[in-house]
Structures are given as structure tokens and as C-alpha cells.
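Everything below concerns the one structure shown next.
Laboratory data are not the source of any read-out in this text; all were calculated from the coordinates shown. Remember, it's a predicted structure, so these values are computed and weren't measured experimentally. Glycine also receives a Cβ, built like all others from the backbone with ideal geometry; neighbour counts cover every protein chain displayed.
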Amino acid sequence: MLQPRQIAVLVALTLMWGVNWPMMKFSLRELSPLYFRAITMTGGALSLYLYYRFGRGVDMRWPRAEWRRVALLALPNIIAWHFCSITGLHALASGRAAILGFTMPVWTVLITLVLAHERPSGRVLLSAGAALAAVLMLSWQELAHLAGRPEGVLWMQAAALSWAAGTVLMRRTTCAMPTEAVTVWMMALGSAFFWIVAPLMEPAPQPAAWSTGLWWSLLYGVLLNYGVAQVIWFGMARTLPPSASAFSIMAVPLVGTAAATAIVGEWPRPLDLVAAVAIVLAIASALLPRRQSAA
């Protein structure tokens, strides 16, 4: 049974992750996608390093023996996910991008089954079918709309698959470093990647011209999305049952879709809401544990 404090923390995490999607979309009105990633990820990595190193006393050293392993983990979990997702978000409505991005848990389960050479259960097939239905609904609407951006759907699915593959890789990789240190150094590698790639693909930003709203949005990304949310997630993974994190993940696309109306003025279409419900069903089928029969 969850305690009131645990419920409050879970709700806070869900809100921060859900609201982050329209906040990113708001930032992209004035700042190009790759520079946005470079700035917020660098600030987030630095904030987390200082917090864990001096606030929590975590050993943040990166031993030479772990360099290759951490770099390998960073490729799908940080670099590919953040590159593909911000590119997809740039082309899509933020609520729609959140729905597509959070097909990740479904693909994680499917990849795990393929690697284990196991046959999918009925629940897994239901999960995959619901996720596929959501993707097809949103893809069809993007293709049918005159201003549609179907390539955004492909970018978001590439992002979800990258995140899923990275999650499976994390579970199968043994690392002597604390999880907090691994995450921070992966983010540092991701920051370096975006600072190298952004000048090659985008014009240099002009901070003097940025609005107050953009500065607040960047601060949100650094301190809340990359900072507080990560700290809560690590603590929740240690203290809460897996079903709790599943419920949190299920709610993120719904929060993102609802928050988009207030933050960036995006009103969800009926098909968006149907797709969001399909994703919730897909995640529930994939992640929530079965009820144990009474003895």
C-alpha cells in the first residue's frame, strides 16, 4: 500500500514528465532543436553531478575500465532517444509526440521476448496491438491533413525504439559504477554530441533576443526535467513497486496532451484522445503485474 508521501512524489514525477513535452515545444518556437538539447542537457548533467557528488556523497568517478561500457549505454539511451525525440517533436504537436514516444514500454517488452526466444503472451499481443493502433491512427491523421508531418511519426517511433533498446541494454549490462554516476556521464556524453552536431546543422542561437518565457522554459528543462525528476525516479525505483512506476508512465501521455492546451495552445483532436487511451491500455498490458490467484 502506497503511503501519502509516495503518492505525492509519484504524482509530481508524472506531472513534471508530462508537462515537459509542451514546455519543450514552447522552447522550440525561439530555439532550434539541437541547441535546445545541448543547453538543457548540459545544465541538467552539471546540476545532477553537483547534487549527487556534494549533496549525497555519491562516488561520481568514471573509471577508465568503464569508459566503453558507459559510452555504449549512452548511444541508445541518451543520444539516439534525445536526437530522434526532439526532431519528432519539432514536426508534431507536443501531445501527439508524447503519445508516440511512450510506446517505449511496449517495444521494451517485445525486444526482451525476442532476445529470450519466448512466445508472446495474450497480454503482450494486446499491448502491441493497442500501441500499433495508436501509431497507425496518428500516422493516418498526419498523412490525411494538408499540413501533416508524417516524418515526425517516424522520428518518434525511432526514438521510442532507441529508448526501448537502451532499457534492455541497461538491464543486461553489469557496471561497477553507481547508477547515478552512469546516468550523469551518459548525459555528459550526450551534451558533447549535441554541442558538436548543433553548429553543423543549425544557425547559432541569439540569447540576447530570447524572451522571458524561453528562459523559464530552459530553467524548467534543466532543474525539473533533468534534475528533480531524475532524483525522484532513482528514489522511486528503489522504494516503490514496479506497478507504481507503470502507472506513472501510463499517465504521462495524458498529462502531456492536456497540458499542451494551456502551454502552447494545442487542442487535441478526438483521434488524439483515442490514441492516448490506446497507449494507456498498451502500457498497462505490458507493465502491470498479473493478479495472483488466492491459494
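Here are the numbers for the structure shown:
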item	result
Segment residue 151-residue 258, length gained on full extension (0.36 nm per residue, minus Cα span)	36.2 nm
Distance in nm between pseudo-label sites at residue 67 and residue 174 (7 Å out along the Cβ direction from Cα)	2.3
Relative packing of peptides 115-127, 211-223, 40-52, 66-78 - highest average C-beta neighbours within 10 Å first	40-52, 66-78, 211-223, 115-127
Normalised contact order of the chain, rounded percent, pairs of Cα under 8 Å and 6 or more residues apart	41
Extended-chain gain in nm, criterion 0.36 nm per residue less alpha-carbon gap, residue 112 and residue 136	6.3 nm
Gain upon complete extension [residue 11, residue 267; 0.36 nm per residue less C-alpha separation]	89.8 nm
Listed residue (270, 13, 223) projecting farthest to the positive dipole end of the chain, Cβ model	13
Peptides 11-24, 166-179 ordered by average Cβ neighbours within 10 Å, highest first	11-24, 166-179
Over region 1-150, relative contact order from alpha-carbon pairs under 8 Å, at least 6 apart, %	22
Simple Cβ-charge dipole of the chain, Lys/Arg +1 and Asp/Glu -1, about Cα centre, in debye nearest 20	740
